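Novice: Structure in structure tokens, see below.
The numbers here are math on the coordinates, done by the rules we state, and not lab data. Treat the numbers as computed from the prediction; the structure is a model and nothing was measured. Heads up, the Cβs are rebuilt from the backbone with ideal geometry, glycines too, and the neighbour counts pull from every protein chain shown.
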Amino acid sequence: MALAEANRKFFDLADLYDNEPWKVKADSQITDAVRGRLDWISVTWAKPEPGAGVEGTEEVRLLDYACGTGLISRVLGPYVTTITGIDISPNMVSAYSKHAADAGIPSSKLSAVVGDLFTPEPSSALAGPEYFNFDIAAVGSAYHHFEDVELSTKRLVERLKPGGVLFIIDLIQEPGTDHFHGHEQHGHGHRDPNHGHDHNHERHPHHGHDHGGIPQGFLKALPKQMVDSIQVSGFNETSVRAFFEKAGLVDFGVTMLDEKLRIEHGGRSIEKTVFLARGTKPIV
């Protein structure tokens, strides 16, 4: 089965988990982590302070790629003026629009389409100017489903305006890489690349599925659609920096959530450390 089809089948089911208590808590943890790091992400937000209006502010455009049910759009929605969600799954796009409406995001501010930017020849439906020059492109907890992270990052960077930011949220690969050394980097987050220990777990494109770091008992409890769609169990700082910089991004920064996320399926659970990473598309 082609990976794109495996991903579509999994994401067609993913909305079923949104109301599970573990998922509600995980979403809350991510929301707090992202909103607590708006300055670190380093976008000129439309609404930088709670209670401030967006009227009269310059346009701030968000691309939420692999948008799923729209958590990232809901988290960043108050701080941008327009949101475009793209997902490979028609069911996810429908769920995304419903969740956005339930969250009070006006339809005039948001649009969502079915699409895939990572095919050899991206669809002409995504070639219009409305799909380029974003201030921020965000990918929440989907990079570990991408078959070729270098190509994926390059394609997302193409959609940014000069000075725009790529922002991703994903899992740290275990065992041996369940931490980033050092403290959160402020500003643009320069870090010593020697601090990223990879222990031979660095993710390269085209290497196939790598479920290392996921206990077999938990793996067996996962739906087959999910197992088929997972390319890698996570990343480390060294590998993320590498594919960001190969795509031409600068001012790389990475930080992680203070508390692990608990994921539950089939009566089993696993705790994973989540990281946030950002990089800027050069102006020249």
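Novice: Between residue 259 and residue 98, take the C-beta separation as r, use R0 = 30 Å, and let me know the FRET efficiency to the nearest 0.05.
Specialist: Calculated transfer efficiency: 0.55.
Novice: Label-point separation (nm) for residue 284 and residue 125, each offset 7 Å from Cα along Cα-to-Cβ?
Specialist: Between residue 284 and residue 125, the label points sit 4.0 nm apart.
Novice: Take 283, 72, 169 and order them by how many other Cβ atoms sit within 10 Å, fewest up front.
Specialist: Listing 283, 72, 169 from fewest to most nearby Cβ atoms yields 283, 169, 72.
Novice: If I model a spin label as a point 7 Å beyond the Cα along the Cα-Cβ vector, how far apart are those points for residue 28 and residue 109 in nm?
Specialist: Taking the two extended label points, one gets 2.3 nm.
Novice: In what order do 143, 96 fall by count of nearby beta-carbon atoms within 10 Å, going from fewest to most?
Specialist: 143, 96
Novice: Could you list, in their original order, any pairs among 98/246; 25/246; 161/272; 154/260; 25/109 whose Cα atoms are separated by more than 31 Å?
Specialist: 98/246; 25/246; 161/272
Novice: Also, quick follow-up: Just to be sure I follow: if Rg is taken over the C-alpha atoms of the range 76-122 and Rh is the Kirkwood radius over the same atoms, what is Rg/Rh?
Specialist: Looking at the range 76-122, the ratio lands at 1.03.
Novice: Using Cβ contacts closer than 10 Å as the measure, can you line up 92, 256 from fewest to most?
Specialist: Listed from fewest to most nearby Cβ atoms, that is 256, 92.
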